[in-house]
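S.K.: I have a structure here, written as structure tokens, and I will follow up with some questions on it.
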Amino acid sequence: FGRLIQCRTGHAHVGEYYELFNIPEATDCECGERLQTREHIIRTCPRYSGYQQILREGSQNLIMCDLLGTTEGIEAVASFLAESGAFTKTGNPRREVGMPLWEDEPEPHEPEEEE
């Protein structure tokens, strides 16, 4: 939910934001685009082209106001963010964190008896 809000407001881990607020981070995209923008990530970045079909469920032509301003668009963007990892610091999908399993816990060590 947080990345969806960041994407809608533009306050996200993207070069455009870093440049606007003079944050000492790279502003270019890893694909070679001079300035990494929200629109670039969603519409044209080759790093995320494999995930654009998800976005097309909200807007066939990837129109930003449809994607970020309609229920269908927002649902598509939320799915895109979850699958692609876009708008994270690393640009990679987040690992799913599950509950620890008892089987994964280390065996307890028996205290050694003193002689």
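What follows is calculated from the coordinates using simple rules that are stated; it is not laboratory data. Remember, predicted model here, so these are calculated numbers, not experimental data. Positions of Cβ are generated from backbone atoms using ideal geometry, with glycine treated the same way; all protein chains shown enter the neighbour counts.
S.K.: Using only the alpha-carbon atoms of segment 2-94, report the extent along each of the three principal axes, biggest first, to the nearest angstrom.
M.R.: Over segment 2-94, Cα extents along the principal axes are 35, 24, 23 Å.
S.K.: Additional query: Under a plain spin-label model, where a point goes 7 Å from the Cα along Cα-to-Cβ, how far apart in nm are Glu75 and Phe21?
M.R.: Here the answer is 3.1 nm between the modelled labels.
S.K.: For Asp104, Asp66, Asp28, what's the fewest-to-most ordering of other Cβ within 10 Å of each Cβ?
M.R.: Going from sparsest to densest Cβ surroundings: Asp104, Asp28, Asp66.
S.K.: Taking only Cα atoms, what is the 0 to 90° angle, nearest 10, from helix 71-84's long axis to the longest principal axis of the chain?
M.R.: Result, in degrees: 50.
S.K.: Here's a follow-up. On full extension of the chain, what length is gained from Asp104 through Glu30, given 0.36 nm per residue of separation minus the C-alpha to C-alpha distance?
M.R.: 22.9 nm
S.K.: For every other residue with a beta carbon closer than 12 angstrom to the beta carbon of Thr44, add +1 if it is Lys or Arg and -1 if Asp or Glu, then tell me the sum.
M.R.: Combined, the nearby Lys, Arg, Asp and Glu give +1.
S.K.: Report the trypsin sites (Lys or Arg not before Pro) located in segment 21-58 that are in a DSSP loop and have at most 11 other Cβ atoms inside 10 Å of their Cβ, or state none.
M.R.: On the way: sites: Arg34, Arg38, Arg43, Arg47, Arg56; in loops: Arg34, Arg56.
Those that pass, being in a loop and sparsely packed, are Arg34.
S.K.: If you don't mind, another one. Summing +1 for each Lys or Arg and -1 for each Asp or Glu, what net charge is found among the other residues whose Cβ lies under 10 Å from the Cβ of Glu57?
M.R.: -1
S.K.: Would you mind counting up the charge near Ala76? Only other residues with Cβ under 11 Å from its Cβ, with Lys and Arg at +1 and Asp and Glu at -1.
M.R.: -4
S.K.: Fewest first, what order do Tyr48, Tyr18 take by the number of other Cβ atoms within 10 Å? The partial results should precede the final answer.
M.R.: On the way: Tyr48 21, Tyr18 17.
Least to most surrounded, the residues fall as Tyr18, Tyr48.
S.K.: Place a label point 7 angstrom from the Cα of Cys65 along the Cα-to-Cβ direction, then list the residues of segment 25-44 whose backbone nitrogen is under 19 Å away.
M.R.: Flagged as within label range: 38-40, 42-43.
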